[in-house]
Number of protein chains: 2
Amino acid sequence: MLINGAPGSSINAEDRGLSYGDGVFRTLRMQGGRPVCWERQYAKLQQDCSALKISCPSALVLFSELQQLGKTQSEGVAKIIITRGVSSRGYAPSAQSETTRILSVSPIAAYPADYARQGVRLYVCKLRLGHQPLLAGIKHLNRLENVLASSEWQGQDVQEGLLNDVSGNVIGGTRSNLFMLRGKILYTPNLSRCGVAGVQRARVMDWAKQHGVACSVADIRMEELMLADEIFLVNSVFGLWPVCELAGYRRTEHPGAWKIREWLNDERH
Amino acid sequence: MLINGAPGSSINAEDRGLSYGDGVFRTLRMQGGRPVCWERQYAKLQQDCSALKISCPSALVLFSELQQLGKTQSEGVAKIIITRGVSSRGYAPSAQSETTRILSVSPIAAYPADYARQGVRLYVCKLRLGHQPLLAGIKHLNRLENVLASSEWQGQDVQEGLLNDVSGNVIGGTRSNLFMLRGKILYTPNLSRCGVAGVQRARVMDWAKQHGVACSVADIRMEELMLADEIFLVNSVFGLWPVCELAGYRRTEHPGAWKIREWLNDERH
């Protein structure tokens, strides 16, 4: 782990990241000692920092620190946390505070291979996401809703939880973005009121554009999701998982998802 | 500062308090080396921990650690942070994680004396609080809404920001609870959808009970607030501040607020 560039494992207990969750983060794959899809990952980090008016470290600094960590753990999952740093008491950010950056690389969880092929079982979380347009889409450190939702199920029968919002719209997985295929159209939830708009979601939208497939960002109801031909989840750690079971309904064929997964696996895209 | 009972100033960078804001906190006064209103403060801490299924350290441990800190800083502001601790990756809490406790005491900010007597100017924040009934009332570490709201104004012309929710109900200050007096009735916002239900709010409600004053927890609209005879804010650091200016409207008489403030200043209540 590198903290502000130096090897370490602890941060100042007065950091605003701890006090208020005042920061953002990224979780991404490392392959061959390098961060995968780095340009997109950095662009999203920069965008999230900018939304919270946190000064973002340069791409060069972060990339070289990830490479340094990649020397001892060349394949794995990197996590980058950027906080507004330590500042005087109180919610109001002070102009002087210096960003804290925490970078780490750890081994990747060994998921069964059939998650990517046959798919995963999706549990419908009882928790409904609240609306906060000013924070929607941002991968910030205020993640108690995800923590509570993720504690609704246990064990290996279910691989991910589906989150709806207070208005009953489908938003995504607790740690992934969701897509559905209906006919020749790809749909993904509107994340302007809540949810996190991840890098893999943007990549799938690019796949659609490159392949002449219409991709609609929409308010999706649970009953519409149930009518989908295919449903799949994406994130930067597991890539793409088709959904094989949702609310008691099973799906065995995922030709569209398999095609998109293959495209996503090629880092050049 | 004491971290898990030992003098220190840093925490494990993998603590869930930092990763997800997965914890709660209290800010309270220290007087004569002892925490003020300790029983109420501890009860609220315990209640908040319980709501998030975080195991709360015992009152004895926390009290004796605060007393220890009180030896070098007998008058000041104490902060207690309790997090779910360090656990394996991912949002889902693991059963094994051990609570982290971070206790500190710092000097109290020197507020001008006329804030408590003549009152403070209240700015109406543009940010609207989102609804999340599962987190409402809890003083948890997900405080980005408060951070963003508090960065809407600067300087000394305004002492606190007024927060409304997405439905247009008044919720309170960015760091305080709000009351209004209309006729012989005391009103305070309903905090079942958002906001923090602080210890001083509970004490004011007790004042009302003891003095035979009706206290209504209600959905309050801005236009109703403007018609109040008196408006005041409470928190455990500044105590009670009447509001002397809100949305261009000035108030100079605060007899009710002064009476309640005097009662609150007596720790036995």
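Restricting the first member to region B:126-153 and to residues that are without any contact (Cβ under 8 Å) to a residue 40 or more places away in the chain and outside the structural domain of B:Phe25 (by TED's automatic domain parsing), and the second to residues that are among the hydroxyl-bearing types (Ser, Thr, Tyr) and surrounded by 22 or more Cβ atoms within 10 Å (Cβ to Cβ), the beta-carbon pairs closer than 6 Å and six or more apart or on different chains are B:Asn146/B:Thr174; B:Val147/A:Tyr20; B:Ala149/B:Thr174; B:Ser150/B:Thr174. Those residues that are in contact with a strand residue (DSSP E or B) (Cβ under 8 Å, 6 or more places away or on another chain) and outside any helix (DSSP H, G or I), I need them from region A:207-227; list them, please. Of everything in region A:207-227, those that are in contact with a strand residue (DSSP E or B) (Cβ under 8 Å, 6 or more places away or on another chain) and outside any helix (DSSP H, G or I) turn out to be A:Val213, A:Ala214, A:Cys215, A:Ser216, A:Val217, A:Ala218, A:Asp219, A:Ile220, A:Arg221, A:Leu227.
For the residues A:Leu181, A:Leu246, A:Leu186, A:Leu225, the requirement of being buried (at least 18 other Cβ atoms within 10 Å of the Cβ), touching an Asp or Glu at 6+ places or on another chain (Cβ under 7 Å) and not assigned by TED's automatic domain parsing to the domain that holds A:Leu28 singles out A:Leu181. When restricted to residues that are within 9 Å of chain B (Cβ to nearest Cβ) and within 22 Å of A:Val199 (Cβ to Cβ), region A:162-178 contains 2. Pick from region A:149-159 the residues that are small (Gly, Ala, Ser) and either part of a loop (DSSP other than H, G, I, E, B) or within 26 Å of A:Pro255 (Cβ to Cβ) (or both): which of them is farthest from the other protein chains (Cβ to nearest Cβ)? For region A:149-159, the residue satisfying everything is A:Gly155.
When A:Gln156 is tested against the conditions (1) of a type outside the set (Asp, Glu); (2) modelled with pLDDT of 95 or more; (3) surrounded by fewer than 23 Cβ atoms within 10 Å (Cβ to Cβ), the lone failure is (2).
With respect to the conditions (1) under 25 Å from B:Ala110 (Cβ atoms); (2) within 14 Å of chain A (Cβ to nearest Cβ); (3) of a type outside the set (Ser, Thr, Tyr), B:Leu52 lacks only one, and its number is (1). So, A:Asn146, is that one over 30 Å from A:Thr72 (Cβ atoms) and either at the interface with another protein chain (Cβ under 8 Å from one of its Cβ atoms) or part of a helix (DSSP H, G or I) (or both) or not? When the stated conditions are applied, A:Asn146 does not pass them. Looking at A:Gly17, A:Gly85, A:Gly21, just one residue is away from every other protein chain (no Cβ under 12 Å), under 30 Å from B:Ser176 (Cα atoms), buried (at least 16 other Cβ atoms within 10 Å of the Cβ) and touching a helix residue (DSSP H, G or I) at 6+ places or on another chain (Cβ under 9 Å), and that residue is A:Gly85. A:Pro93 passes all but one of (1) buried (at least 20 other Cβ atoms within 10 Å of the Cβ); (2) touching a strand residue (DSSP E or B) at 6+ places or on another chain (Cβ under 9 Å); which number fails? (2) is the only condition that A:Pro93 fails. When each of B:Ala113, B:Ala109 is tested for being modelled with pLDDT under 95 and within 20 Å of B:Ile81 (Cβ to Cβ), the lone residue that passes is B:Ala109. Please verify whether region A:28-35 includes one or more residues that are within 16 Å of A:Lys79 (Cβ to Cβ) and either outside the structural domain of A:Leu62 (by TED's automatic domain parsing) or β-branched (Val, Ile, Thr) (or both). No, region A:28-35 contains no residue that is within 16 Å of A:Lys79 (Cβ to Cβ) and either outside the structural domain of A:Leu62 (by TED's automatic domain parsing) or β-branched (Val, Ile, Thr) (or both).
The values are calculated or read from the model by the stated rules, or taken from the named source; none is laboratory data. These numbers were taken from a predicted model, which means no experiment stands behind them. Note that each Cβ is placed from the backbone with ideal geometry, even for glycine, and that neighbours are counted across all protein chains shown.
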